1. Can you find, within region 483-535, the residue that is farthest from ligand 2 (Cβ to nearest atom) among those that are part of a strand (DSSP E or B) and surrounded by 23 or more Cβ atoms within 10 Å (Cβ to Cβ)?
2. Which members of region 60-90 meet the condition of being under 17 Å from Ala268 (Cβ atoms) and in a strand (DSSP E or B)?
3. What pairs come up if the first residue lies in region 476-491 and is within 11 Å of His461 (Cβ to Cβ), the second is hydroxyl-bearing (Ser, Thr, Tyr) and within 11 Å of ligand 1 (Cβ to nearest atom), and their beta carbons are under 6 Å apart, counting only those six or more places apart or on different chains?
4. Just to be sure I understand, how many residues within region 454-464 are more than 16 Å from the chain's Cα centre (by Cα) and buried (at least 21 other Cβ atoms within 10 Å of the Cβ)?
5. Go through region 527-548 and report how many residues are away from ligand 1 (no atom under 16 Å from the Cβ) and over 20 Å from the mean Cα position of the chain (by Cα).
6. Can Gly174 be described as assigned to a strand (DSSP E or B) and touching a residue at least 60 places away in the same chain (Cβ under 8 Å)?
7. Kindly provide the set of residues from region 95-142 that are part of a loop (DSSP other than H, G, I, E, B), in contact with a Lys or Arg (Cβ under 8 Å, 6 or more places away or on another chain) and among the acidic types (Asp, Glu), ordered by number.
8. Residues that are within 16 Å of ligand 2 (Cβ to nearest atom), farther than 21 Å from Glu475 by Cα and not β-branched (Val, Ile, Thr): does region 445-455 have at least one?
Amino acid sequence: MTKKIISVCLLFAIAHLTKSQTYTIQSPNSIVKAEFLVNKKGQPEYRVYFKNKAVIESSSMGFELKENPSLKDMPPMKDNFLVSRVDSSLANDTWQPVWGEVKTIRNNFRQYIFHLIEKDNLQRRLNIIFRVFDDGVGFRYEFPSQKNLNVFAVADETTQFHLTGNHKTFWIPGDFDSNEFQPSVTNLSDVNASDGKEVNEIAFKTSIDNKTVQTPLMMKTNNALYINIHEAALVDYPAMNLSLNKNNYVLSSTLVPDAYGIKAYLIAPAKTPWRTIIVSDKATDILASKTILNLNEPSKIKNTTWIKPMKFVGVWWEMHVGKSTWDYAGTQDASNAQDLQPSGRHGATTANVKRYIDFAAKNKIDGVLVEGWNTGWEDWFGKWKENVFDFITPYPDFDVKELSRYARLKNVKLIMHHETSGAVSSYERQMDTAYRFMKKFGYDAVKTGYVGRIIPRGEHHDGQWMINHYLRVAEKTASYNIMVDMHEPVRSTGLHRTYPNWLASEAARGNEFNAWSKGNNPDHETILPFTRLMGGPMDYTPGIFQIKMDKYDPKKTEQVHTTLAKQLALYITMYSPLQMAADLPENYEKHMDAFQFIKDVAVDWDDTRIIEAEPGDYITIARKAKGKQDWFIGSITDENARDININLDFLDKGKKYMAIIYADGKDADWKNNPMSYIISKQTVDNTSRLSVKLAPGGGCAVSLKQVK
Ligand code: NOJ
Ligand code: CA
């Protein structure tokens, strides 16, 4: 690792700084520029430019504060400042993620630290740190240790993002507890966060904030700049929603509150997450950006050899489609779990789990997730009560010991499921016991879940208390050498760099909505990489082959809103080191030729090329398998058919490759003919082009194996 830091420390005599000085921070190759100043009123302001075009106009920064614990108002920290000192440096180094989309990541930015001090008697100090990369800007606030600011509360952060116009925007409504919304695509002036609400059938409807939208917020300007606003390294602080003023296109930070309306409780020295603005004139650069990862801290886990990207199947989709149930009895009228009477519909039986283990073993799938294995599911949903689950008591028809023996014999890993039903206080009490139980029975990975309102009551999924909880889970699972996949947590902010055992999160509207709701629009998967996935991998659960749900019950009208081939392409376009083959073994067995792609596809990569992309329309990505010569391509489109013509110039020169192309059938169409696909083979090299037709709502997956 090479690290070059040139540190320039500029000390200014305070007396000379009464007039506003603008500091210009150029990115290493002068593509992005940030400007910072403290104006005449002593207010900090910043601007951002891309190739000299304004991206963010003059925007304010600062805080409204309260005393802790009285919660009485404290003078705000947003004006009356002087710049007392400026430090600048340049970083240019590389690092290797434990797993990821590429083998090596370059971290190249110019940093300025502005040390501000209040002009009045309080003389409180605030540092604002800017890091300017060639594809964007990160800035954060730091409260240094000081006499007049120690234990305090943040009532509001007053950071603004002053946009330059009425951009096209990909947004979901602000909600303190859920991100499981279908994104809307409108101009900023048409953002109406109270619309689109009804599409979140499992939202809690208690914390929707009509005036805000969530990040990552993706925008496109009418001069074709792509802008993404999000945050990095969300630690000990609430998530940031953005409220929009349609008169001037100013987005203002709106932090998720606790029951008292307080946003964060801090003790100096303290720092906020980074606010990120990623910008380019190419949509592909947005998807390739590593800025959010670079703004996170290196891995805190020293020995990472036990952390392994993987594919898995699960006793899971069959519950979502109504073939079986999570619960064992259907009703909870027994005082003792062992007295429950079986309904005969329970999914997580020993025999059924063995069936999945056999399927995984036969097809070289690494793991089997089992949901509904522990008692409590008769009574888990929509209750807002504690102690529903204990995470160590299996239902009588789930033989944990035998299954652990059987899985080991078959060389398959069982994946644990901890649904907390929002009772996080119960979970916190039981985490050690639950993880010890996992280790005893050979489980190395857990999927956690936070469906429902949070206990402690008054806390929200995206508030400071829960942010700290997710980190406790990441740290504690790491201490047991356990990998974790979180459902219904806060959206990701790149913390998988620091905790690489935190393989993935859901934190958006997953494929499951297609099983039991009006589903995800055909453009959904072309938007998610530009929004939710900017912060990190998503457990989207691709790979549904049985597209229409009337197969399970003729009355059902639900369906997956893609073709079968597009479900394959998602293994490439929806990056995650943890990929589920989400459909039922019996559905795969009918299409083993198409399932071959899921068997072959890698989950960890040495290289990634974003070939073409337009948010809401299409994405084509090629990735090179870790430690191998094999490449895989995924290409998806929205509701419109599309012809792709891919240049294979990324392949090794002079080598031949066998391309297997999993394409939409001739008359395929997500609505009327979604399961039609054609598989063809072709020998190619780095001078070849691949032409494929994508159906409406369709896609294409390609595996490229080097021929020896
Ligand atoms: C919602 C999760 O997203 C889903 O994967 C899980 O099956 C259910 N909760 C039950 O925990
Ligand atoms: Ca969910």
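The values are calculated or read from the model by the stated rules, or taken from the named source; none is laboratory data. If you're wondering where the values come from, they're calculated on a predicted model, not measured in any experiment. Neighbour counts run over all protein chains shown; Cβ positions are idealised from the backbone, glycine included.
1. Among those that are part of a strand (DSSP E or B) and surrounded by 23 or more Cβ atoms within 10 Å (Cβ to Cβ), it is Met483.
2. Matches in region 60-90: Phe63, Glu64, Leu65, Lys66, Glu67, Met74, Pro75, Pro76, Met77, Phe81, Ser84.
3. The qualifying pairs are Met486/Thr448; Met486/Ser505; Glu488/Tyr450; Pro489/Ser505.
4. 5
5. 4
6. In short, yes.
7. Glu101
8. The answer is yes, given that some residue of region 445-455 is within 16 Å of ligand 2 (Cβ to nearest atom), farther than 21 Å from Glu475 by Cα and not β-branched (Val, Ile, Thr).
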